[in-house]
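Beneath this line is the structure, given in structure tokens, with notes to follow.
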Amino acid sequence: MTTAHFDATMKGLNRMMQRRVEFIIAFLLGCSIGGIACNDDADSADTYAQAREDCMARINGFRATLDLPPLERWTDGESCADSEARSDAMTNTAHGAFGQCDEWAQNECPGWDSVESVISGCLQMMWDEGPGEPYSEHGHYINMTSTSYTRVACGFYETGTGTVWAVQNFR
């Protein structure tokens with residue numbers, strides 16, 4: 001099943017029905033379940049390879065301004081991060097699939113214009129939250145600067161309408 005076909009099928013269904021359909025399709029195709037959709041072609045080249053590198057480099061560039069150690073690229077978590085971004089896009093719920101990849105923290109860029117705008121705009125916006133309290137107003141920045149995390153997996157999903165959902169999973 002292609003992504004476009006899946007997106008067209010899912011359009012118009014309410015959230016509960018979407019979750020049920022996701023579960024059934026994932027089960028039938030032998031993929032992960034619980035809101036995590038399948039990779040359309042597991043053998044294809046990673047179309048987001050450069051974006052993942054750019055995402056990690058951008059986060060580490062921000063960290064370097066505070067003399068913080070760089071995060072390692074969590075390559076084993078990238079496919080799952082893509083699935084979380086896809087699930088969240090389909091349900092239109094930021095952080096809706098949070099925790100499905102065994103991440104400890106997550107930042108999300110929902111519905112951006114392009115992968116490039118995620119890297120340049122969304123990550124900058126989260127960084128610009130800067131230090132401070134209360135946590136709810138600075139949580140993205142805190143995740144990006146935490147020394148409790150040593151790895152980051154950047155996941156991406158482009159919808160049929162061209163918007164990009166992206167997650168950064170920290171572990």
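The values are calculated or read from the model by the stated rules, or taken from the named source; none is laboratory data. Since the model is a prediction, treat every value here as computed from it, not as a measurement. Note that each Cβ is placed from the backbone with ideal geometry, even for glycine, and that neighbours are counted across all protein chains shown. Remember, those area values only see protein heavy atoms, side chains included, never the ligands or the DNA or RNA. Shrake-Rupley method; radii C 1.70, N 1.55, O 1.52, S 1.80 Å.
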Task: Scan of segment 113-123 for residues that are open to solvent by 30 Å² or more (accessible area, probe 1.4 Å) and out of contact with any strand residue (DSSP E or B) (no Cβ under 8 Å at 6 or more places or on another chain), ordered by number - done: E116, S120
- [ ] Hey, could you check segment 44-82 for residues that are in a helix (DSSP H, G or I) and among the aliphatic types (A, V, I, L, M) and say which is nearest to E129 (Cα to Cα)?
- [x] I59
Task: Checking W127 against (1) open to solvent by less than 30 Å² (accessible area, probe 1.4 Å); (2) in contact (Cβ under 8 Å) with a residue 40 or more places away in the chain; (3) touching a His at 6+ places or on another chain (Cβ under 9 Å), the condition it does not meet - done: (1)
TODO: Scan the strands (runs of 3 or more DSSP E) fully inside segment 83-171 and keep the ones with 3 or more residues being in contact with a Pro (Cβ under 7 Å, 6 or more places away or on another chain) and modelled with pLDDT under 95.
DONE: none
TODO: Filter segment 61-75 for residues that are of a type outside the set (A, V, I, L, M, F, W, C), in contact (Cβ under 8 Å) with a residue 60 or more places away in the chain and open to solvent by 60 Å² or more (accessible area, probe 1.4 Å) and give the result.
DONE: P69, E72, R73, T75
Task: Residues (surrounded by fewer than 16 Cβ atoms within 10 Å (Cβ to Cβ) and closer than 17 Å to S148 by Cβ) located in segment 76-112 - done: G99, D102, W104
TODO: Please tell me if V152 is open to solvent by less than 20 Å² (accessible area, probe 1.4 Å) and either in contact (Cβ under 8 Å) with a residue 24 or more places away in the chain or more than 20 Å from C80 (Cβ to Cβ) (or both).
DONE: yes
TODO: Check off (1) at pLDDT 55 or above; (2) open to solvent by 60 Å² or more (accessible area, probe 1.4 Å); (3) within 14 Å of F156 (Cα to Cα) for R58 and give me the number that stays unchecked.
DONE: (3)
